[in-house]
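So the structure is just underneath, and the comments pick up after that.
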Amino acid sequence: MENVVVLGAGSWGTALAIVLAENGHNTLIWSHREDQATEINEHHTNKKYLPNTTLPQNLKATSNLEAAAKHGSTIVMAVPTKGIRGVCTEISQYIEQPALFVHVSKGIEPDSLMRISEFMEQSLDEHVVSDLVVLSGPSHAEEVVLQHPTTVTAACKNLAAAEKVQDLF
């Protein structure tokens, strides 16, 4: 069992958090909205993003980024691309031990034209990242929560880190 935090409680972040929790990991999902974290904890739902889905009882939520940062040795970045740089900068101040970062968002940063992995490496303090893995594929949150077959790829400069992410999911 691994301590995993998913940053971002939209449909994709929630779907991945469900998979991680169902795989037996101690999973905490972070939302920037306190009311959303309360809904997840009290009602085991995320009606705005996955209206017909009941979340696992063992999936917990928080709106406190510091608590989220201290929870996980693996951090899944599922916030929208436009918010990633800010979240990386903020979370860096709270991480005490290097963590494995996994980013699952698509896109590039409009101003710099950098890939997400490039600007994450630039935004995270060097001491907080053990490795950075990209998880991508032709998959949709709604299909994942219904446990439909899907394919994703874990890519990293470090094969062992990519394989660890495969094992988590």
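The values are calculated or read from the model by the stated rules, or taken from the named source; none is laboratory data. Quick caveat: nothing in here was measured; it's all calculated off a predicted structure. Positions of Cβ are backbone-derived with ideal geometry, glycine not excepted, and every protein chain shown enters the neighbour counts. Accessible surface is based on the protein model in full, side chains and every heavy atom, while ligands, DNA and RNA are left aside. Shrake-Rupley method; radii C 1.70, N 1.55, O 1.52, S 1.80 Å.
Numbers at a glance
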{"quantity": "Candidate set: the range 141-169, residues that are in a loop (DSSP other than H, G, I, E, B), in contact with a strand residue (DSSP E or B) (Cβ under 8 Å, 6 or more places away or on another chain) and not polar (S, T, N, Q); chosen: the one surrounded by the fewest Cβ atoms within 10 Å (Cβ to Cβ)", "calculated": "Lys157"}
{"quantity": "Selection within the range 74-87 - closer than 12 Å to Glu109 by Cβ and either among the basic types (Lys, Arg) or at pLDDT 95 or above (or both)", "calculated": "Lys82, Arg85"}
{"quantity": "Residue check, Thr14 among the hydroxyl-bearing types (Ser, Thr, Tyr) and open to solvent by less than 30 Å² (accessible area, probe 1.4 Å)", "calculated": "yes"}
{"quantity": "Residues that are part of a loop (DSSP other than H, G, I, E, B) and on the phi < 0 side of the Ramachandran plot, drawn from the range 2-50", "calculated": "Glu2, Ala9, Gly10, Asn23, His25, Ser31, His32, Arg33, Thr45, Lys47, Lys48, Tyr49"}
{"quantity": "Cross-chain or 6+ apart pairs with Cβ under 6 Å, the range 126-155 first and touching a residue at least 60 places away in the same chain (Cβ under 8 Å), then open to solvent by less than 60 Å² (accessible area, probe 1.4 Å) and among the polar types (S, T, N, Q)", "calculated": "Ala141/Ser11; Val145/Thr53"}
